[in-house]
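Read-outs: derived from the displayed coordinates by stated rules, not from any lab. Because the structure is a prediction, the values reported are computed rather than measured. Please note: Cβ atoms are built from the backbone with ideal geometry, for glycine as well, and neighbour counts cover all protein chains shown.
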Amino acid sequence: MTDAPWFRPAVTILAAFGAMMSLAAGMTLVERKVSAFIQERHGPNRVGPFGLLQPLADLIKFVFKEELAPDRANPLLFLLAPALACLPAMATFAALPFGFLDGKPMVVANLDVGVLYVLAVGSLGVYGIILGGWASNNKYSLLGGLRASAQMVSYEISLVLSLVSVIAVSGSLNLSEIVLAQDQRWNVLVQPVAALVFLVTMFAETNRHPFDFAECEPELVGGFHTEYSGMRFALFFLGEYIAMVVMSGFMAVLFFGGCDVPFLAIAATPWWAGALAMVVKMGFFLLLYVWVRWTLPRFRYDQLMYLGWRVLLPLSLANLAVTGVVLALDRQGAAQ
Amino acid sequence: MLAEYAPLLAWLVLVMAFVGGLLALTAWIGRARPAPGKAETYECGMQPMGDARGRFSVHYYLVAVLFILFDVEALFLVLWALRARELGMSGLIEVGLFLAVLAVGWLHIWRRGGLEWDR
């Protein structure tokens, strides 16, 4: 059975689904535990040892909750929006390579256009948010949805431009090949500015602190999910956490060598060590998400727009221009 | 390489079934307990005033248009980036002109106040 052609893809899909759900569920617990640690509280510690079963208890509670929709909401879009917010994030997870086994990447779909796939599908998540905000027919929700979508499209440009520099250095859109190209030297050493721009935009793209204007509790109650409760709210929540997992994985793959263990050739790395390296790198950035959220104050909305359009956009354009010059000179030097 | 899209399709079916299943499960198990005022639009406990189908800042529209401009231009850059080394100096000059036009457009938007949020 293990020789059947469907065997490896099937195992990969199941493993990836398990990894995605446990990372996202684990993150909900880590977020609460770390925030408790930062604020000198205990955090959830009643369900299971150290509160480890808390995500499971939350899931059961969400399933048993009533499905509530406001009278004046658009019922169909109100139902679809949480799924539309959650599905793109889940779909992009399929493109993340977790290492190499028998010379082939451990990934659900080793796409030649991996980077474009993640960008194209990942940016669809904005539909769920703006439709959720509009369908609720609530002023807070509408404002939250509008803010979130304006913010996500503004930062998307800098995100794409920072990735273009990485593509220029790696010469490929395939995420596994980008990992292999970093065997000797991680991209963060070659493209530190692009890595910095990506780091800022990944917070903005997932609507996380200090850019969480979509929710912005003091002004907008809960933003686009003010009217949501029960499982529909849980899907927005899950989508946000999976988007964080995917962005952290993307960061690890594009700038920090993915499954590459430092001072060890990728070809000589056992598959479990590669996968462990990848998860450790992702874990670092996931922890950074939480750390930043409970440490920094929120921006003001105009500051957010200025940062996106007046700082990050020219910075990533200039970085791209310098990258182009260096690559062309490199080529000339090689030709002589 | 088209074979790579079969597992992707299976993955998409799996996640859609998961999300659809969760929504169906909660619709089946979750009990509805209607109460007066429960399904009213939430405005911090006040009587809701009007609805959310009014007008909102036109600035969001401007941001969307600017996004389309710059995002399409970024996609053109991806094509160059893939072969940046092979294209060498001639490619660099061409993409440099392109980036210059992009930068001039960006400066023009700034000067005309397109990036002012509070105006």
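Brief remarks on what is shown
- Other protein chain C-beta atoms within 10 Å of residue C-beta, averaged over A:291-303: 1.
- Unit charges on C-beta of K, R, D, E only; dipole of the stretch A:1-126, Debye: 300 debye
- Selection from B:57, A:83, A:22 lying farthest towards where the dipole of the protein assembly as shown points positive, charges on Cβ: B:57
- Per-residue ellipticity at 222 nm, computed for chain B from helices alone with -39500 (n - 2.57) per DSSP H run of at least four residues, works out to -23000 deg cm²/dmol.
- Per residue of B:40-51, other chain Cβ atoms within 10 Å of the residue Cβ number 4 on average.
- Centre separation in Å (Cα based) which lies between the stretch A:60-139 and the stretch A:149-172: 20 Å
- Using θ = phi - 60° and Karplus 6.51 cos²θ - 1.76 cosθ + 1.60, couplings along the stretch A:284-293 (whole Hz; Gly, Pro as x): 4, 6, 5, 5, 4, 3, 5, 4, 4, 4
- Partners for residue A:139 among lysines (Cα-Cα distance below 27 Å; same-chain residues under 8 apart left out): A:65, B:38
- Here the protein assembly as shown is assigned +1 on the Cβ of each Lys and Arg and -1 on the Cβ of each Asp and Glu. Its dipole about the Cα centre then comes out at about 660 debye.
- In this simple spin-label approximation, residue A:322 and residue A:61 carry label points 7 Å from Cα along the Cα→Cβ vector, and these lie 4.8 nm apart.
- Whole-Hz Karplus values for the stretch A:131-144 come out as 5, x, x, 6, 5, 5, 6, 10, 4, 4, 4, 4, 4, x Hz, taken residue by residue from phi with 6.51 cos²θ - 1.76 cosθ + 1.60 and θ = phi - 60°; glycine and proline positions read x.
- Rg/Rg_globular for the stretch A:191-282, with Rg_globular taken as 2.2 N^0.38 Å and Rg from C-alpha atoms: 1.40
- Spin-label zone in the stretch A:168-184 - amide nitrogen under 16 Å from a point set 7 Å from the Cα of residue A:268 along the C-beta vector: A:183-184
- If R0 equals 45 Å, the separation of the Cβ atoms of residue A:276 and residue B:46 corresponds to a calculated FRET efficiency of about 0.25.
- Peptide A:229-236 is shielded by partner chain Cβ atoms: per residue, an average of 3 of them sit within 10 Å of its Cβ.
- For the stretch A:184-336, a simple Cβ point-charge model (Lys and Arg +1, Asp and Glu -1, everything else neutral) yields a dipole of about 380 debye relative to the Cα centre.
- Shape of the protein assembly as shown, Cα gyration tensor, a/c cut at 1.5: oblate
- Cβ-Cβ FRET estimate between residue B:89 and residue B:38, R0 fixed at 60 Å, reported to 0.05: 0.30
- Using the Cβ-Cβ distance between residue B:25 and residue B:71 with R0 set to 41 Å, the FRET efficiency from 1/(1 + (r/R0)^6) comes to roughly 0.60.
- Two-site label geometry, residue A:104 and residue B:16: point separation in nm, points 7 Å out along Cα→Cβ: 2.5 nm
- Near the amide H of residue A:101, within less than 5 Å, lie the amide hydrogens of A:106, all on another chain or at least 5 residues away, with H placed in the peptide plane.
- CD proxy at 222 nm, helix term only [per DSSP H run n ≥ 4: -39500 (n - 2.57); per residue of chain A; nearest 500]: -21500 deg cm²/dmol
- Among B:31-43, A:26-38, B:101-113, A:140-152, the order from most to least packed when residues are scored by Cβ within 10 Å on average: A:140-152, A:26-38, B:101-113, B:31-43
- In Hz, Karplus ³J(HN,Hα) per residue of the stretch A:97-105 (6.51, -1.76, 1.60; θ = phi - 60°; x = Gly, Pro): x, 9, x, 10, 10, 6, x, 10, x
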